[in-house]
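A short write-up of the structure that comes next.
The values are calculated or read from the model by the stated rules, or taken from the named source; none is laboratory data. Just so it is clear, the structure is predicted and the values come from calculations on it, not from any experiment. Cβ atoms come from the backbone with ideal geometry, glycine included; neighbour counts cover every protein chain shown.
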Amino acid sequence: MPTIRVEAGRPYSVHIGTDVFGLFNSEYKELLDSADRIVVIADEKVASLHLGHLLPYLKSYKVDVFNVPSGEQAKSIETFMDCHSFLLAAGCSRKTLILAFGGGATGDLAGFVASTFMRGIPYIQVPTTILAHDSAVGGKTAINHALGKNMIGTFYQPEAVLYDIQLLKTLPDHEWRSGMAEVIKHAFISNEQWLDELLAVESFQAMSDPELMGHLEKGIAVKAAIVEEDEFENGMRKFLNFGHTLAHALEAHLGYGNITHGEAVVLGMAYALHLSSNDRLNPFLEWGYHHGYPFEKVVEISFGELLPYMKKDKKASKGDLNFVMLRQIAQPQMEKIEEQAAANSYEELRLKIGEVIK
Ligand SMILES: NC(=O)c1ccc[n+]([C@@H]2O[C@H](COP(=O)([O-])OP(=O)(O)OC[C@H]3O[C@@H](n4cnc5c(N)ncnc54)[C@H](O)[C@@H]3O)[C@@H](O)[C@H]2O)c1
Ligand SMILES: [Zn+2]
């Protein structure tokens with residue numbers, strides 16, 4: 001079973017496979033035995049689909065399940081408080097163990113709950129989306145504020161990540177697209193040969209288990225290596241934001257939920273490649289078009305509509321437009337771009353996309 005060690009804070013392992021939950025009764029038995037109870041914080045949709053697969057592995061323990069709203073709605077202050085109320089009413093203590101069961105949204109929420117309940121209790125990430133190969137690793141936890149996404153949170157590493165790829169089979173098409181976007185992002189910033197392999201994938205859902213596992217393992221390894229170097233995002237962790245300056249603006253402009261995060265990131269990576277004069281732009285546009293990424297949004301939305309959001313990006317400093325540029329594959333660098341140059345490049349990209357999607 002592919003296992004990646006993450007040496008951030010207290011070291012932990014990410015296990016990927018088709019039978020990972022058996023580890024609850026072997027490698028993690030001691031941890032589970034030492035907990036006074038286990039609380040599964042579960043995305044309600046994931047719970048209805050897959051709880052029946054998880055719970056049998058926990059049958060010798062005292063387990064409570066707390067369902068939270070599916071997806072991004074989980075990251076509200078109300079749901080956060082509901083989790084704390086549940087834990088308190090159930091008599092949980094510092095010895096309680098939380099399992100985060102769902103996509104990145106549930107993982108971010110449950111991690112934040114774990115980091116704040118009684119000043120911090122242990123948790124295990126049990127991600128159920130492709131995108132969560134990214135979000136479950138690295139220890140960033142968060143909920144949203146009305147004035148901004150992910151504005152309230154902590155850095156808090158899990159005890160382990162148990163990633164069962166069987167659960168991914170029920171993901172809808174747009175969630176495959178969203179997750180594979182972050183996978184190819186990891187390839188862009190780290191490994192040209194792997195990028196070529198991904199650009200050759202015909203159908204995400206038709207990938208074999210070993211092929212999918214291989215891509216997820218590589219993606220997690222890239223994320224883990226960067227997080228180890230820069231746990232608290234002072235330096236190279238920013239490279240993980242390749243494509244994200246424009247993506248965050250698109251998500252904010254369209255309203256969260258109207259485009260998935262990863263779909264927005266693909267559009268943002270196309271823009272960053274264009275800004276960087278990278279000759280991989282054309283094959284990338286063709287790949288993205290083939291897989292159904294919503295490039296038409298770039299044609300429909302003007303630069304002026306996105307600019308205010310790009311200026312507000314929490315990674316921006318003093319109103320400059322900051323981009324992760326990629327002049328060469330695997331060599332990301334941060335650059336400030338003048339507003340006018342950024343606007344011109346966006347217009348050129350719109351024309352180019354107009355030609356591809358005709
Ligand atoms: N902490 C980090 O470092 C980090 C990094 C990237 C993204 N994020 C966060 O992750 C979140 C996005 O994560 P996500 O894309 O996993 O989205 P998500 O958790 O919102 O899940 C997306 C949708 O898929 C459904 N779903 C989940 N697993 C499923 C399954 N196996 N089968 C069928 N449906 C399933 C969910 O109910 C939801 O409707 C955002 O809130 C983002 O801010 C965090
Ligand atoms: Zn992202």
Go through GLY214, GLY268, GLY255 for me and flag whichever is at pLDDT 95 or above and either within 16 Å of ligand 1 (Cβ to nearest atom) or under 17 Å from the mean Cα position of the chain (by Cα) (or both). GLY268
Restricting attention to the stretch 138-150, does a residue exist that is in a strand (DSSP E or B), modelled with pLDDT under 95 and away from ligand 1 (no atom under 11 Å from the Cβ)? yes
Name the residue, out of PHE155, PHE239, that is in contact with a Pro (Cβ under 7 Å, 6 or more places away or on another chain) and within 15 Å of ligand 1 (Cβ to nearest atom). PHE239
So which residues in the stretch 203-238 are buried (at least 22 other Cβ atoms within 10 Å of the Cβ) and either touching a strand residue (DSSP E or B) at 6+ places or on another chain (Cβ under 7 Å) or among the aromatic types (Phe, Trp, Tyr) (or both)? LEU216, ILE220, VAL227
Quick one: which of ALA187, ALA225 is over 24 Å from PHE101 (Cβ atoms), outside the structural domain of HIS50 (by TED's automatic domain parsing) and at pLDDT below 95? ALA225
Please specify each residue of the stretch 115-135 satisfying the condition of being aliphatic (A, V, I, L, M), more than 14 Å from HIS261 (Cα to Cα) and either assigned by TED's automatic domain parsing to the domain that holds LYS185 or in contact with an Asp or Glu (Cβ under 8 Å, 6 or more places away or on another chain) (or both). ILE124, VAL126
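Give me the residue from the stretch 166-185 that is among the β-branched types (Val, Ile, Thr) and more than 10 Å from ligand 1 (Cβ to nearest atom) and, out of that set, nearest to ILE220 (Cα to Cα).
Among residues in the stretch 166-185 that are among the β-branched types (Val, Ile, Thr) and more than 10 Å from ligand 1 (Cβ to nearest atom), the one nearest to ILE220 (Cα to Cα) is VAL183.
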Starting from the stretch 169-192, keep only residues that are without any contact (Cβ under 8 Å) to a residue 60 or more places away in the chain, then list their pairs with residues that are more than 12 Å from ligand 1 (Cβ to nearest atom) and not hydroxyl-bearing (Ser, Thr, Tyr) whose Cβ atoms are within a distance under 6 Å, requiring at least 6 positions of separation or different chains. TRP176/PHE204; VAL183/HIS215; HIS186/VAL222; ALA187/TRP194; ALA187/LEU195; ALA187/LEU198
Subset of the stretch 113-136 (residues that are crowded, with 24+ Cβ neighbours inside 10 Å and in contact with a strand residue (DSSP E or B) (Cβ under 6 Å, 6 or more places away or on another chain)): ALA114, TYR123, ILE124, GLN125, VAL126, PRO127, THR128, ALA136
Of the conditions (1) within 15 Å of ligand 1 (Cβ to nearest atom); (2) surrounded by fewer than 21 Cβ atoms within 10 Å (Cβ to Cβ), GLN193 fails just one. Which one is it? (1)
Taking the stretch 239-258 as the search range and keeping residues that are in contact with a Leu (Cβ under 9 Å, 6 or more places away or on another chain) and in a loop (DSSP other than H, G, I, E, B), which one is surrounded by the most Cβ atoms within 10 Å (Cβ to Cβ)? GLY243
Filtering the stretch 116-137 for residues that are within 12 Å of ligand 1 (Cβ to nearest atom) and either under 20 Å from LEU32 (Cβ atoms) or among the aromatic types (Phe, Trp, Tyr) (or both) leaves a count of 5
Selected residue [within 26 Å of the chain's Cα centre (by Cα), within 18 Å of ILE121 (Cβ to Cβ) and of a type outside the set (Asp, Glu)] from ILE4, ILE38: ILE38
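Within the stretch 127-135, is even one residue within 16 Å of ligand 2 (Cβ to nearest atom) and in a strand (DSSP E or B)?
yes
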Subset of the stretch 312-344 that is modelled with pLDDT under 90 and on the phi > 0 side of the Ramachandran plot - its residue that is surrounded by the fewest Cβ atoms within 10 Å (Cβ to Cβ): LYS318
Answer yes or no: is there a residue in the stretch 177-187 that is farther than 24 Å from VAL324 by Cβ and either within 15 Å of ligand 2 (Cβ to nearest atom) or buried (at least 16 other Cβ atoms within 10 Å of the Cβ) (or both). no
When you go through (1) in a helix (DSSP H, G or I); (2) over 15 Å from the mean Cα position of the chain (by Cα); (3) within 16 Å of ligand 2 (Cβ to nearest atom) one by one for LYS169, which number turns out not to apply? (3)
Of the residues that sit in the stretch 137-163 and are of a type in the set (A, V, I, L, M) and within 15 Å of ligand 2 (Cβ to nearest atom), which one is surrounded by the most Cβ atoms within 10 Å (Cβ to Cβ)? VAL137
